Amino acid sequence: MLYHPVTIGGVVLPGNLFLAPVAGYSDRAFRSVCREGGADFAYTEMVSSEALVRGSDKTALLMARAPNETQYAIQLFGGEPAVMAAAVRLILNGASAERGDAGTFGSADACGDAAERSFSARRFDVPEVIDINAGCPVPKITKTGAGSALTRDPDRLYKITEAAVRASAECAVAAKNIAADNAAAAKNGDEVKSLDAEAKNGAEAKISDAEVTIAGPVPITVKIRAGWDADHITWKEAACAAIEAGASAITLHGRTRAQGYEGAADWDALAELTALVAGETGGKVPVFGSGDVFSPEAAARMLEQTGCAGVMFARGAMGNPFIFIQTRRLLQTGSYEEIPVSVRMEAGLRELRCLIEDAGEESACRQMRKRFCAYSKGVAGGAALRAGIVTAETERDYVALFRAAGVL
Ligand SMILES: Cc1cc2nc3c(=O)[nH]c(=O)nc-3n(C[C@H](O)[C@H](O)[C@H](O)COP(=O)(O)O)c2cc1C
């Protein structure tokens, strides 16, 4: 069975087809349509641990859970262990009333009511997983020791991962203690403490009507690249450092920093890594694959050829959030159906509406230009359609354009 549940630390995911962290795309608008399209799990784009610790409002929006996401991961980047630990603590201290609220919104209106979804800079959704970025190739990031600089600096990767794992574990213990106090208080009819008010505990305690639920620490995972360049292939050292520091899963994007997003991803390395990690951890730490997953068939091949536990779709999901359900069908039944273009464009419009709620119409419509270009791939007369897309300024513009082009 190539399609199966996956366990990351104490978190069980229903399946193994994920949306990768993709800057500029995997905001909650896109994640929510990917979820509708069958994604089992999705990652936010990378969020700066430094900015988070500084208290940037923009960061809070990047990290928000999509209303239809029952499980998701926040990805952090940073080069300083202490800052990474502080960022993890901040996220996990954001626990409380928000946890689980998202599920009250239906998928037909995946973004729900704006007023209900509003959040302040200090109230974060608590993710099921926190992922550390050790792959970003952008010089502004790598020169701070973050991103793919970490793949070639296993000592620093170890320290950063260890700091994050420790912070998460401490938060879980603190949450457990407060939850126990509250259980006792509830029994005696005393007032229960709010996790927010305590402001020092972790993500995994949820208190409602004096009922207490405790789970383990939020698992920390790491996403690495194959190495710095062809002369410095370091995925093995990086993965071993991350695992030694307590990472609960490793994702390998099988390109080097020097390759950027060009050239073939090294799936042989992925197969080797999968076998290595299985041997080192007795199968406790899953390995996920990223790179060149542009079709359901490619995902099936990656799972088959490498033995990895799950695949991440990145560019392959752009403009086709149904690639997840198509892949699942392929893996389960051996075939899948094409998605009519009108269904894809409708999904794009739902994404736009979600983005409007978060970013306002002007910004959302601009951000959606490149995304609608992806949605319109393969459409007859696509060039003319894309010429219209890159000048659209309102939701009405988009709808009128798509109706005129006969794709709605
Ligand atoms: C525009 C763009 C932005 C990306 N942003 C991130 C990011 O924020 N964090 C991350 O770990 N990887 C990021 N990636 C890498 C992807 O997650 C993925 O590993 C990579 O695109 C390889 O998969 P693909 O060949 O199937 O696209 C990004 C990739 C692209 C193309």
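Remarks
- Exposure proxy order (Cβ contacts within 10 Å, fewest to most) of Thr7, Thr44, Thr142: Thr7, Thr142, Thr44
- Rounded to whole numbers, the Karplus 3J(HN,Hα) couplings from phi for region 320-337 are 9, x, 8, 4, 5, 5, 4, 5, 4, 4, 4, 5, 8, 10, x, 8, 8, 9 Hz, using 6.51 cos²θ - 1.76 cosθ + 1.60 with θ = phi - 60°, and x at Gly and Pro.
- Spatially proximal aspartates and glutamates relative to Lys377 (Cα-Cα < 14 Å; intrachain offsets below 8 disregarded): Glu338
- Per-selection metrics, the chain (Cα): Rg and Dmax in Å: 21.1, 70
- Amide H contacts of Ala42 (H built 1.01 Å from N, under 5 Å, at least 5 apart or other chain): Leu19, Ala73
- When the chain is described by a simple charge dipole with +1 on each Lys and Arg Cβ and -1 on each Asp and Glu Cβ, the residue from Ala51, Asn182, Leu2 located farthest towards its positive end is Ala51.
- Normalised by residue count, region 322-389 yields a Cα convex hull volume of 88 Å³ per residue.
- Partner aspartates and glutamates whose Cα lies under 19 Å from the Cα of Lys140, excluding those fewer than 8 positions away in the same chain, are identified as Glu45, Glu50, Glu80, Asp153, Asp229.
- Phi to ³J(HN,Hα) by Karplus 6.51 cos²θ - 1.76 cosθ + 1.60 over region 154-166, Hz, x for Gly, Pro: x, 4, 5, 4, 4, 5, 5, 5, 4, 5, 5, 4, 4
- Of Ala271, Ala347, Ala359, the one that fluctuates the most in a GNM where the chain has Cα springs shorter than 10 Å: Ala359
- Between region 127-177 and region 214-248, the alpha-carbon center distance in angstrom: 9 Å
- Pairs from the list Lys58/Lys236; Lys159/Lys370; Lys236/Lys284 with a Cα-Cα gap above 28 Å: Lys58/Lys236; Lys159/Lys370.
- Taking the helices alone, the chain has a mean residue ellipticity at 222 nm of -13500 deg cm²/dmol, built from -39,500 (n - 2.57) per DSSP H run of at least 4 residues and averaged over all its residues.
- Modelled FRET efficiency - R0 30 Å, His232 with Ala387, Cβ distances, 0.05 increments: 0.10
Values quoted throughout were computed directly from the atomic coordinates according to the rules given, and no laboratory measurement underlies them. The model shown is predicted, which means the values in this text are computed figures rather than measured ones. Methodologically, a virtual Cβ is constructed for each residue, glycine included, from the backbone with ideal geometry; neighbour enumeration extends over all protein chains shown.
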